[in-house]
Amino acid sequence: MLDSLFARIDDQTDALIALTQDLVRIPTINPPGEAYEACADLLGERLKRSGFDVGYVRAKGEVGDSDRYPRTNVVARREGRGPGKTVHFNGHIDVVDPGLGWTVEPFSGVVRNDRIYGRGTCDMKAGIAASVIAAEAILADGVRFDGALEISGTVDEESGGYAGVAHLAHQGFFSKPRVDHVIIPEPLNVDRICIGHRGVWWAEIETFGKIAHGSMPFLGDCAIRHMGAFMRSLEDQLLPVLASRRTAMPVVPEGARQSTLNLAAIHGGLPEHFEGLPSPNVPDRCRLLLDRRFLIEEDLAEVKAEIVKILDDLTRTRPGFRYQVSDVMEVMPTLTAEDADVVRAVAESVTQVLGKPPELVVSPGTYDQKHVHRIGHLKECIAYGPGILDLAHQPDEYVEIEHLVASCKVMAASALRLMGVPLQ
Ligand SMILES: [Zn+2]
């Protein structure tokens, strides 16, 4: 049965390329959330023609949604013969700004050297196209299955997914009994399965001082110097500890297999951009934005406490040191069990299509799996897709057509395995 399905997918290579190109040519740049409706429509109308029931869910009231930039998600479902398992393919339709440095037009979807180029080819419109062609091939091949196939195109993954997967998850779209297994075709490489991601804590640290004339700094108290002291403590006390804190999570690349801290932004004193000449002041406040990535072995309360301890130590030892910490964003780490059905089914399918078993990996950054897990309470979720991880968000982003076709076969075979279709 798989032979005929795989042959059908090979025959559909041109359709797979064309659908990827059509999706890439809609510049769904986020922010601000350009052309979401057009892209959701393209997917929805296509799946309607292929026999799916299609619904559009606009995330009214969520951050970013407006009539100018509607946050429109599309969810398509095709019922099988009777009750059974539902397999859901979820792809985000938004892409990041193309940025500079391209040698091709970023939204052209041009094909060169067996690759499709363009913003969103790798991350992750090729993955969406592969899931659509996989589902269509199953239907066209007349495979009889119980349960259901679902495909969704969701918004705002690049900015946290709150108007996308999180919004749908709150409405039960990613929970049992509606859905049993979720595959997210994010670009983690065609021969790897991504089973989770590290956690995130973004925080703003503010230090305070006392304003005075810049020619007599001794009459004031410099908030930037206080922040400097805090940053020195981070360098001396925290960063070496984080680097030594290793995780059992198989994070790729290897450098991210530990706790990390990025100092993401800093500001104090005069406004960043101003007309004319500076006026001399001792700054009385300074703000630092921290991006802390934590491990499944770490506890978020402790992650916060070790920062607060450094600040409290400084309050005790450094005259005039005062601070405030504000939470900006929290994402808990997520990890799907290696023996979960969805991991096993996709691993078997990768082995079959590529001739060797996949590597199980964990993503250094987060993606929509967190919402499926935390809001939908569904543990059966992974990322698997054709794109090359290192190309995401880069200029001249591309997807290999060979990977596109292979991942499409893997998705089709995985769906059948998960729905319990006998493959002999
Ligand atoms: Zn992505």
Subset of region 179-197 that is within 16 Å of the ligand (Cβ to nearest atom) and not aliphatic (A, V, I, L, M) - its residue that is farthest from residue 94 (Cα to Cα): 192
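I need a count of the residues in region 290-304 that are surrounded by fewer than 16 Cβ atoms within 10 Å (Cβ to Cβ) and either more than 27 Å from the chain's Cα centre (by Cα) or not in a helix (DSSP H, G or I) (or both). Break it down into steps so the answer makes sense when it comes.
At the first step, the residues of region 290-304 found to be surrounded by fewer than 16 Cβ atoms within 10 Å (Cβ to Cβ) are 297, 299, 301-302.
Among the residues that remain, those that are also either more than 27 Å from the chain's Cα centre (by Cα) or not in a helix (DSSP H, G or I) (or both) are: 297, 299.
Counting residues in region 290-304 that are surrounded by fewer than 16 Cβ atoms within 10 Å (Cβ to Cβ) and either more than 27 Å from the chain's Cα centre (by Cα) or not in a helix (DSSP H, G or I) (or both) gives 2.
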Subset of region 140-168 [within 16 Å of the ligand (Cβ to nearest atom), assigned to a helix (DSSP H, G or I) and not β-branched (Val, Ile, Thr)]: 157, 158, 159, 166
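Here's the yes/no breakdown for (1) outside any loop (DSSP other than H, G, I, E, B); (2) more than 16 Å from the ligand (Cβ to nearest atom):
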residue	(1), (2)
348	yes, yes
361	yes, no
371	yes, no
382	yes, no
387	no, no
406	yes, yes
413	yes, yes
Per-region count, region 120-139, residues within 12 Å of the ligand (Cβ to nearest atom), assigned to a helix (DSSP H, G or I) and of a type outside the set (Ser, Thr, Tyr): 7
Residues (out of contact with any helix residue (DSSP H, G or I) (no Cβ under 9 Å at 6 or more places or on another chain) and among the small types (Gly, Ala, Ser)) located in region 72-120: 80, 82, 84, 99, 101
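Does region 96-104 contain at least one residue that is in the same structural domain as residue 13 (by TED's automatic domain parsing), buried (at least 24 other Cβ atoms within 10 Å of the Cβ), within 16 Å of the ligand (Cβ to nearest atom) and of a type in the set (D, E, K, R)?
no
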Residue check, residue 164 within 13 Å of the chain's Cα centre (by Cα) and in the same structural domain as residue 75 (by TED's automatic domain parsing): yes
Elements of type strands (runs of 3 or more DSSP E) in region 37-106, at least 1 residues being over 16 Å from residue 163 (Cα atoms) and in contact (Cβ under 8 Å) with a residue 40 or more places away in the chain: 72-79, 86-92
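Tell me the residue from 294, 321 that is away from the ligand (no atom under 16 Å from the Cβ), touching a His at 6+ places or on another chain (Cβ under 6 Å) and outside the structural domain of residue 94 (by TED's automatic domain parsing), please.
On the way: 294 fails: touching a His at 6+ places or on another chain (Cβ under 6 Å).
Sole residue among the options that is away from the ligand (no atom under 16 Å from the Cβ), touching a His at 6+ places or on another chain (Cβ under 6 Å) and outside the structural domain of residue 94 (by TED's automatic domain parsing): 321.
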Any pair with Cβ under 6 angstrom, 6 or more apart, that starts in region 178-192 at a residue that is over 19 Å from residue 370 (Cβ atoms) and assigned by TED's automatic domain parsing to the domain that holds residue 343 and ends at one that is away from the ligand (no atom under 15 Å from the Cβ) and at pLDDT below 95: none
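Which one is nearest to the chain's Cα centre (by Cα) among residues in region 414-424 that are at pLDDT 95 or above and over 12 Å from residue 130 (Cβ atoms)?
418
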Per-region count, region 316-341, residues touching a Gly at 6+ places or on another chain (Cβ under 9 Å) and part of a strand (DSSP E or B): 6
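The values are calculated or read from the model by the stated rules, or taken from the named source; none is laboratory data. Just so it is clear, the structure is predicted and the values come from calculations on it, not from any experiment. Counting neighbours? That spans all protein chains shown, and the Cβs are built from the backbone with ideal geometry, glycine included.
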